[in-house]
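Colleague: Below you'll find the structure I mean.
The values are calculated or read from the model by the stated rules, or taken from the named source; none is laboratory data. This is a predicted model, so every value here is computed, not measured. Quick reminder, even Gly has a Cβ in these numbers, built from the backbone with ideal geometry, and neighbours come from all protein chains shown. When the accessible area is computed, the model is the full protein with side chains, heavy atoms only, and any ligands, DNA or RNA have been set aside. Shrake-Rupley method; radii C 1.70, N 1.55, O 1.52, S 1.80 Å.
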Amino acid sequence: MLYDMLWAAGVGLVLLVLLWPTRSTGKRLLKSWKVHDPTPAQIDDAIRYLKRRRLLYPWLFVGLTLVPLGSGRGTGSLAAIVLGGTLLAELLALRPAREGQRRVASLTPRGLFDIASQYVLIAYAAIVGIGLVLLLVDLRVGQVPALVVSVGAVAAVTWAAVARPADGDEAVDRALRTRSVHVSAGLGAAVVGALVGGVFAIVGVAAWVLMANTNVVSKKIFW
């Protein structure tokens, strides 16, 4: 157990170093989510968004060694770690802003489809439904709780992305809300694919890639 925890902590630290956000990373992220010619302040918002998630990775790797499914080495485990980081970061973003941080109340009600693509959400729901059926048909009921937990995590991230107070630049805030929902849905699909296994695992990874790169952003103004 101690060896597994040390190994997981080491992997998490290596991943943290490799993925540590820089200004070029933040700029590239914003451009990929249709924030054209981002300003230095907008890039700072993107870097803060990434740091909130990636600082959690070493701890999540260690924590996963304590879970029966978690060796931390498979695609499903990796997806679970990143999904966990996304979930915790979104929930932490619900905390009251510290003095000096800028948050703005939404003047217009924000709906789920104002920040997320309905096609991404429908595809995720379909993958979950098919995965559940395949597990039940194959009598692998023991895998169902893990599937339910992953669905709960995706639902929590989605809720938080809609509900959290506006933070920082309007365009960046809207784009990163969309990214949170789409990436978490993709990660959830990858977890389902890993649980089912076989060809469906490839479907899950493909869905992860496609959903995480679907950058439809609502033009609705909330501020």
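Colleague: Go through (1) at pLDDT below 70; (2) surrounded by 14 or more Cβ atoms within 10 Å (Cβ to Cβ) for Leu107 and report which single condition fails.
Modeller: Of everything listed in (1) at pLDDT below 70; (2) surrounded by 14 or more Cβ atoms within 10 Å (Cβ to Cβ), Leu107 misses just condition (2).
Colleague: Those residues that are in contact (Cβ under 8 Å) with a residue 40 or more places away in the chain, closer than 12 Å to Leu134 by Cβ and open to solvent by less than 50 Å² (accessible area, probe 1.4 Å), I need them from region 193-210; list them, please.
Modeller: Matches in region 193-210: Gly193, Leu195, Val196, Phe200, Ala201, Gly204.
Colleague: Checking the condition outside any helix (DSSP H, G or I), at pLDDT 60 or above and under 17 Å from the mean Cα position of the chain (by Cα), which residue from Leu94, Leu121 passes? Give the derivation first.
Modeller: On the way: Leu121 fails: outside any helix (DSSP H, G or I).
Answer to the check: Leu94.
Colleague: Still on this structure, I have one more. Between a first residue in region 157-172 that is in contact (Cβ under 8 Å) with a residue 24 or more places away in the chain and a second residue that is part of a helix (DSSP H, G or I) and open to solvent by 50 Å² or more (accessible area, probe 1.4 Å), which pairs have beta carbons less than 7 Å apart while being 6 or more apart in sequence or on different chains?
Modeller: Final answer for the pair search is Thr158/Leu112; Ala160/Leu91; Val162/Leu112; Asp169/Ala41.
Colleague: Further question: Checking Leu132 against (1) surrounded by fewer than 20 Cβ atoms within 10 Å (Cβ to Cβ); (2) at pLDDT below 95: exactly one of these is not met. Which one?
Modeller: (2)
Colleague: What are the pairs with Cβ atoms under 7 angstrom where one residue, in region 24-39, is of a type in the set (Gly, Ala, Ser) and the other, located anywhere, is assigned to a loop (DSSP other than H, G, I, E, B)? Sequence gap at least six, or different chains.
Modeller: Listed pairs, sorted by first residue: Ser32/Asn215.
Colleague: Pick from region 153-188 the residues that are touching a strand residue (DSSP E or B) at 6+ places or on another chain (Cβ under 8 Å) and open to solvent by less than 20 Å² (accessible area, probe 1.4 Å): which of them is farthest from Ala123 (Cα to Cα)?
Modeller: Only one residue fits best here, namely Ala166.
Colleague: Here's a follow-up. Which helices (runs of 4 or more DSSP H) does region 1-90 wholly contain that include 1 or more residues that are at pLDDT 75 or above and surrounded by fewer than 16 Cβ atoms within 10 Å (Cβ to Cβ)? Full working, then the answer.
Modeller: On the way: elements: 2-18, 23-32, 40-54, 57-64.
Here the list reads 2-18, 23-32, 40-54.
Colleague: Related question: Quickly run through region 190-211 and pick out the residues that are small (Gly, Ala, Ser) and on the phi < 0 side of the Ramachandran plot. Let's see the steps before the verdict.
Modeller: First, the residues of region 190-211 that are small (Gly, Ala, Ser): 190, 193-194, 197-198, 201, 204, 206-207.
Listed by number, the residues that qualify are Ala190, Gly193, Ala194, Ala201, Gly204, Ala206, Ala207.
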